[in-house]
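The structure appears below as structure tokens.
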Amino acid sequence: MEINMEDCLFCKIIKGEIPSKKVYEDDFVYAFYDISPQAPTHFLVIPKEHICCANMITAENSSVVSKCFEAIAKIANDLGIADDGYRVINNCGELGQQTVKHLHFHVLGGRQMQWPPG
Ligand code: 5GP
Ligand code: ZN
């Protein structure tokens, strides 16, 4: 599961080495549109600190998770999906179908979601 930062796709996106469509950035967080959107609005919110997955969140690094959720609320309001509602998803590990090993929160909006997820 562990991958070093030099080889991490999302670390490269944060550094601008790989282009992305940015929706928000601050000192702790970067947010950008997913390259393969699964809803009319689909963006990813990631901490700038490389944390490989939700299972590696600790008392020492968990403040970036609050920063991600602060950003989600702000962006959702800015993009106009807050009133109708939206879904925040974190895929963790193999069974969670995490494909990029840098902690990220998917935010999907603009359509009716279903439950349970696949
Ligand atoms: P995961 O499957 O790990 O939860 O989510 C990874 C997400 O990253 C996928 O939804 C995928 O479409 C997105 N993704 C993968 N590579 C890129 C890329 O180069 N640029 C952008 N914007 N999104 C990407
Ligand atoms: Zn990374």
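Check S20, S36 and return the single one that is more than 15 Å from ligand 2 (Cβ to nearest atom), under 21 Å from T99 (Cα atoms) and polar (S, T, N, Q). So that I can check it myself, show each step before the final result.
Working: S20 fails: more than 15 Å from ligand 2 (Cβ to nearest atom).
Among S20, S36, only S36 is more than 15 Å from ligand 2 (Cβ to nearest atom), under 21 Å from T99 (Cα atoms) and polar (S, T, N, Q).
In this structure, does V23 turn out to be more than 11 Å from ligand 1 (Cβ to nearest atom), under 14 Å from the mean Cα position of the chain (by Cα) and among the β-branched types (V, I, T)? Lay out the reasoning, then the answer.
Working: more than 11 Å from ligand 1 (Cβ to nearest atom): no; under 14 Å from the mean Cα position of the chain (by Cα): yes; among the β-branched types (V, I, T): yes.
Against the criterion (more than 11 Å from ligand 1 (Cβ to nearest atom), under 14 Å from the mean Cα position of the chain (by Cα) and among the β-branched types (V, I, T)), V23 does not qualify.
The conditions are (1) away from ligand 2 (no atom under 14 Å from the Cβ); (2) closer than 26 Å to R111 by Cα, and N55 fails exactly one of them. Which is it?
Checking N55 against (1) away from ligand 2 (no atom under 14 Å from the Cβ); (2) closer than 26 Å to R111 by Cα, the one that fails is (2).
Pick from region 26-52 the residues that are surrounded by fewer than 11 Cβ atoms within 10 Å (Cβ to Cβ) and more than 13 Å from ligand 1 (Cβ to nearest atom): which of them is nearest to H106 (Cα to Cα)?
Per the criteria, the residue is P40.
Matching residues to (1) within 20 Å of M5 (Cα to Cα); (2) among the aliphatic types (A, V, I, L, M):
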position	(1), (2)
A59	no, yes
S66	no, no
I75	no, yes
C92	yes, no
T99	yes, no
F105	yes, no
G118	no, no
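Give the residue that is surrounded by the most Cβ atoms within 10 Å (Cβ to Cβ), with candidates limited to residues of region 80-94 that are closer than 14 Å to F43 by Cα and more than 10 Å from ligand 1 (Cβ to nearest atom).
The qualifying residue surrounded by the most Cβ atoms within 10 Å (Cβ to Cβ) is Y86.
Which condition does E6 not pass, out of (1) modelled with pLDDT under 95; (2) assigned to a strand (DSSP E or B); (3) not small (G, A, S), if it passes all the others?
Result: E6 fails condition (2) only.
The values are calculated or read from the model by the stated rules, or taken from the named source; none is laboratory data. Only a predicted model underlies this, so the values are computations on that prediction, with no experimental measurement involved. Neighbour counts run over all protein chains shown; Cβ positions are idealised from the backbone, glycine included.
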